[in-house]
Each structure stands twice: as C-alpha cells, then as structure tokens.
1. Taking other Cβ within 10 Å of each residue's Cβ, how do 201, 183, 152 sort, fewest first?
2. Taking 0.36 nm per residue of separation and subtracting the Cα-Cα distance, what length does fully extending residue 139 through residue 124 add?
3. How big is the dipole moment of region 115-193 about its Cα centre under a simple scheme where the beta carbon of each Lys and Arg is +1, that of each Asp and Glu is -1, and everything else is neutral? Debye, nearest 20, please.
4. What list of ³J(HN,Hα) couplings, whole Hz, do you get for region 26-34 from phi and the Karplus terms 6.51, -1.76, 1.60, once you set θ to phi - 60° and write x for glycine and proline?
5. Using the crude model of +1 on Lys and Arg Cβ and -1 on Asp and Glu Cβ, and no other charge, please compute the dipole size for region 97-234 relative to its Cα centre, in debye to 20.
6. Which lysines, on any chain, are close to residue 121 with Cα under 24 Å apart, when same-chain ones fewer than 8 places away are left out?
7. Highest mean first, how do 10-21, 48-59, 116-127 rank when packing is the count of other Cβ atoms within 10 Å averaged over residues?
Amino acid sequence: MTIATMPTTRLYQKIGLALQERIKAGEFKIGDRLPPERDIAEAMQVSRSVVREAIVMLELKGLVNVRKGSGVYVDKLFSANQLHSVNSSSEVSDIGPFELIQARQVLESQIASFAAMNVTKNDISKLREALDTELIQLETGNSDYDGDKMFHLTIAEASQNSVLSDIVRDLWLRREQSPMWRHLHSRITDVSYRTAWLEDHEVILRALKRKDPEAARKAMWDHLENVKQTLLELSDIDDPLFDGFLFR
C-alpha cells in the first residue's frame, strides 16, 4: 500500500501506517531497530516532527519501543486482523502534537495582535493573575498547566470576540484529550523549560499593556515557536544535535 492511497486524513498517520506496513511485511522483526528519524524523514520527504508523531502513534499501539538515546525498536508484531482493529481506534481523530502547536502559533499570534487593540484593565489584571498562578506552580513543583491555560484563554477573551475565544478553548480541549500529547509529555522529566515559557508570557503581557499589536503578535509567535522547539528537543529519540527543521 502506498502513502497516497492510505485511508487516513493526517500526515503523521500516513507515515505511521507506512512504517507499520514495512514491519508487517517482515522488513523489521521483533528487536530490530528502525532507521533514525532523520533518515525516515528524508526518505518520505516529510519533516522530523511528522516522523516523531508517527512514532508516538506506533508506540501507543504497542508496536514499537522507544529507547531515548538509542532509537526505536520493534516490540510486537500484529496479525492482519489485529492491525485492522488498531487502525480503526480513536487515533483517527487525534491530532499530532506538533501539528497542534503549529495551528496555535498561526492563530494565537493573530489573536494576540487583535487583543492588543481591545484589551481592558480588567483583562490585564486577569493576565497578571494567570502569571502569578504559573509562578506558584513552578515554585511548588505543581505539574498542572492551569496558569498557562488561563493566560492563553484570557488573551483570546481580551480580543472581545467570542468566536476567537471558542477557537482557543477548543484547541486547549484537543490538547487535553489527546493521547499523543500526553504520551509525548510522558517522555519529558526536566520541566525547567516552564521558566522560559513564563518569561515569554511576561513579554507578551508587556506588549498587551502597551497596546502594541505587532509586538504582541511577534511575542506570541516567538513563544509558541519556543514551545515547539523545546518539545522537539526534549522528546528527541536519536540525536541531541537535532537541527530543529520542522514543517516543510
């Protein structure tokens, strides 16, 4: 089966199913190491972020085992019936973590720009409260993202446009309900990156207080780029010298 004819809607699923077919065909056996992410990305003409998502999909199925710093190994072989069963699971509706971040980057940077023109003193107070919550969670080692979520939702609300608010709320709901997002984060034990994200939020807040649309847009874009790069680096399987190339 070729990538072009696979019955799926998301690119990471096409790549994951193509790798699954190669395992099923016997190209890789239990215990074999799959090619490095970079090689798969080059061979299939996609970014490494898409390959990362495809590997997470196979990992959730129990088909492969990821050993950080070593690579991805075949952990299980499925029969044709079992493959059909896992292919028809809830994975069809799941969004790749990096695809989700990219969508947020495009949308929320523009929303921040619009919010800068409409933000009120009450909005600024709520944003400061969100940052205070983030700081407390960092200082106490709380793993929740309540402050982070509150900050982004409040910016959307500051746009004074309920449709934009609903879009951002839906993106967060998709993140919270995504098995792939949770699994990606399960690999990450060093959470010091959240300090840098809090600093990004401070930059965004200052732009909003100045009612500077372009500065707010850029600050939000840069923040979500930092989120994307950080998650790629911290969840990298093969190589700490990953070049950060994302979406083609």
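Values quoted throughout were computed directly from the atomic coordinates according to the rules given, and no laboratory measurement underlies them. All figures in this text were calculated on a predicted structure; none of them were measured in a lab. Cβ sites come from the backbone with ideal geometry, for glycine too, and all protein chains shown count toward neighbours.
1. Ranking 201, 183, 152 by Cβ neighbours within 10 Å, fewest first, gives 183, 201, 152.
2. On the way: separation 15, 0.36 × 15 = 5.40 nm, distance 2.27 nm.
The residue 139-residue 124 span can extend by a further 3.1 nm.
3. For region 115-193, the charge dipole is close to 240 debye.
4. Coupling constants for region 26-34: x, 5, 10, 10, 4, x, 6, 8, 6 Hz.
5. With only Lys, Arg, Asp and Glu charged at Cβ, the dipole is about 280 debye.
6. Output for residue 121: 149, 209, 211, 218.
7. So the order, starting with the most tightly packed, is 48-59, 10-21, 116-127.
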